[in-house]
Amino acid sequence: MTDTDKFKSDLTEVAPQQGTRDQTEDECAEFQATMPERIGAGEDLQTDPHMLTCERCRSLVRDLEYIAEAARQLMPVEEEPRDELWTSIQLAIERGEA
């Protein structure tokens, strides 16, 4: 292997090819599109395989977790809703009133 070949090989390892970059952006878009539902369901996004390889999405999730924690401290829930409330909501949904 010549020095030029080694240099090109090293560059390939450091700089992702265009197809890889597009794939990563697609993966980020897909991950970020599902974030609201997953967060709402209480899922731990830190365990998602995409988070292991994507610093951009790890940073986004950290920022969102920080914002959510700050909001909880600013507006603490003083009292949990009664169980009957959830039943009423479910019935209203089923009747098409919500």
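I need a count of the residues in the range 31-43 that are assigned to a loop (DSSP other than H, G, I, E, B) and loosely packed, with under 10 Cβ neighbours inside 10 Å.
So the count comes out to 2.
On the basis of being at pLDDT below 90 and outside any loop (DSSP other than H, G, I, E, B), does D22 make the cut?
For D22, the condition - at pLDDT below 90 and outside any loop (DSSP other than H, G, I, E, B) - is met.
Take the residues in the range 45-94 that are acidic (D, E) and not in a loop (DSSP other than H, G, I, E, B), then tell me which one is farthest from Q32 (Cα to Cα).
That would be E84.
The values are calculated or read from the model by the stated rules, or taken from the named source; none is laboratory data. All of these numbers come straight from a predicted model, not from anything done at the bench. As a convention, Cβ positions derive from the backbone with ideal geometry for all residues, glycine included, and neighbour counts pool all protein chains shown.
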